[in-house]
Amino acid sequence: MTDSNLQFKDKIIPIELPSQVIFKEIIGQGTAMLKIFRMVEKVAESDTTIMLNGETGTGKGLIARAIHEASGRKDNPFVQINCGATPEGLLESEFFGYRRGAFTGATSDKAGKFEMAKGGTIFLDEIGDMSADLQVKVLRVLEEGEFERVGGNRTIKSDARIIAATHRDLEEEVQKGNFREDLFYRLYVIPIMLPTLKERKSDIPFLVSHFLEQFGRKMDPPLAKVSDSAMKILMNYSWPGNVRELKNLIERLVVLHEGDKILPEDLPEKLRMETERAAHNKLGLQSNGISFNTAVSEFEKALIISALEKTNWVKNRAAQLLKIKRTTLVEKIKRYNLEKDSEAGS
Ligand SMILES: Nc1ncnc2c1ncn2[C@@H]1O[C@H](COP(=O)(O)OP(=O)(O)OP(=O)(O)O)[C@@H](O)[C@H]1O
Ligand SMILES: [Mg+2]
């Protein structure tokens, strides 16, 4: 892909290469995500093992699927196994399948995920949560490309491409003795580190638009907008749950919201508090002083915008809220050059 193809002006990427269709649902306009998209394109065609690292909700699952979809294996299965959520006793038979009679309840032969992923991709999610026992068996598949079903003695070849993911620091797990070093090196052939949402704040408005549209499509009236001041709060929040947390919030707002615009008071208290705290920190006098007039003006402007948004720009009501005369408000609106059009539509 050339650089010019990466100049996404709109959130819909011009459809030229198959991978661009795949990225359509993965929002990221900033350099951090563009780097990831480039990486996905580069690695898709090879059969190399990929290790996806990143905090919870950063999109590891999404990227794993994108790699598969962008690869020549896309018409074969993409098989996911969650090593963290599957009960330990079941994992081995889930991975490798079993022969009839291998254990109580094994009434017939069953293929495991590695067999199901023939010609395709196997996604080992939360690989850092695997037991030591299973780590040895997975290492063997990675090294020799073969395994046996539980209770079976026929060796089966695996040609599945492996993508693994974890939110843990696996290097640290190796040091603690929780994760095999040899398996670590086998997996970390091409590591891809997904950025946290906090590290790519400029993508927040695009993600908000995307989710508003996604969840708002079925609503009547179709979708809410986000006011300037609410967007500011969304941009300032630290998002420990990353994109998943933002997505869930927008879904909730779309379902529960009345009216056509999301205001700061519609947002959870936790988010508003963080912005207030940041503003307070700003108020703390630095050793080199503060521009008193600028700080006071900024505060005045923020209050006026907030009152105007709350009253849908009905100046009489906004003036009442601020307990000032309407003429005073109008004068200040003029002075600060405030216009209704400056709202961040989404
Ligand atoms: N860049 C993105 N654009 C659009 N949606 C995204 C993006 N990143 C993540 N999402 C969405 O956020 C949610 C969480 O993503 P995903 O499940 O891939 O995260 P994860 O890193 O696998 O998290 P976990 O470690 O908790 O499993 C999904 O619903 C996914 O569709
Ligand atoms: Mg995941």
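The values are calculated or read from the model by the stated rules, or taken from the named source; none is laboratory data. It should be emphasised that the depicted structure is a prediction, and the values quoted were computed from it without experimental measurement. Cβ sites come from the backbone with ideal geometry, for glycine too, and all protein chains shown count toward neighbours.
Under the condition of being in contact (Cβ under 8 Å) with a residue 40 or more places away in the chain, away from ligand 1 (no atom under 16 Å from the Cβ) and more than 18 Å from Lys60 (Cα to Cα), the residues counted in the stretch 144-177 number 10. Looking across the stretch 209-244, the residues that are over 18 Å from the mean Cα position of the chain (by Cα) and in a loop (DSSP other than H, G, I, E, B) come down to Arg217, Lys218, Met219, Asp220, Pro221, Pro222, Leu223, Ala224, Ser227.
Every residue, every condition in (1) charged (D, E, K, R); (2) within 16 Å of ligand 2 (Cβ to nearest atom); (3) at pLDDT below 95, yes or no:
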| position | (1), (2), (3) |
| --- | --- |
| Ser93 | no, no, yes |
| Phe96 | no, no, yes |
| Gly101 | no, no, yes |
| Val150 | no, no, yes |
| Arg161 | yes, no, no |
| Ala164 | no, yes, no |
| Glu171 | yes, no, yes |
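Could you please give the count of residues in the stretch 120-143 that are away from ligand 1 (no atom under 16 Å from the Cβ), in contact with a strand residue (DSSP E or B) (Cβ under 9 Å, 6 or more places away or on another chain) and not in a helix (DSSP H, G or I)? Matching residues across the stretch 120-143 total 1.
Exactly one residue among Asp159, Asp182 is in a loop (DSSP other than H, G, I, E, B), of a type in the set (Asp, Glu) and surrounded by fewer than 18 Cβ atoms within 10 Å (Cβ to Cβ), and that residue is Asp159. If you check Lys232, Lys247, Lys261, Lys201 for being in contact (Cβ under 8 Å) with a residue 12 or more places away in the chain, basic (Lys, Arg) and in contact with a strand residue (DSSP E or B) (Cβ under 7 Å, 6 or more places away or on another chain), only one passes: Lys261.
Go through the residues of the stretch 292-314 one by one and say whether even a single one is at pLDDT below 80, surrounded by 10 or more Cβ atoms within 10 Å (Cβ to Cβ) and closer than 30 Å to Phe211 by Cβ. No: the stretch 292-314 contains no residue that is at pLDDT below 80, surrounded by 10 or more Cβ atoms within 10 Å (Cβ to Cβ) and closer than 30 Å to Phe211 by Cβ. For the stretch 59-80, the condition of being in a loop (DSSP other than H, G, I, E, B), surrounded by fewer than 18 Cβ atoms within 10 Å (Cβ to Cβ) and within 14 Å of ligand 2 (Cβ to nearest atom) holds for none of the residues.
For (1) acidic (Asp, Glu); (2) within 16 Å of ligand 2 (Cβ to nearest atom); (3) at pLDDT below 95, each residue gets a yes or a no:
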position: Asp182; (1), (2), (3): yes, no, no
position: Leu234; (1), (2), (3): no, no, no
position: Glu251; (1), (2), (3): yes, no, yes
position: Val254; (1), (2), (3): no, no, yes
position: Asp260; (1), (2), (3): yes, no, yes
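Residues of the stretch 42-58 that are part of a loop (DSSP other than H, G, I, E, B) and either within 11 Å of ligand 2 (Cβ to nearest atom) or without any contact (Cβ under 8 Å) to a residue 60 or more places away in the chain (or both): Glu45, Ser46, Gly54, Glu55, Thr56, Gly57, Thr58. Report whether or not Ile36 is within 11 Å of ligand 1 (Cβ to nearest atom), assigned to a helix (DSSP H, G or I) and among the aliphatic types (A, V, I, L, M). Considered against the rule, which asks whether it is within 11 Å of ligand 1 (Cβ to nearest atom), assigned to a helix (DSSP H, G or I) and among the aliphatic types (A, V, I, L, M), Ile36 comes out as yes.
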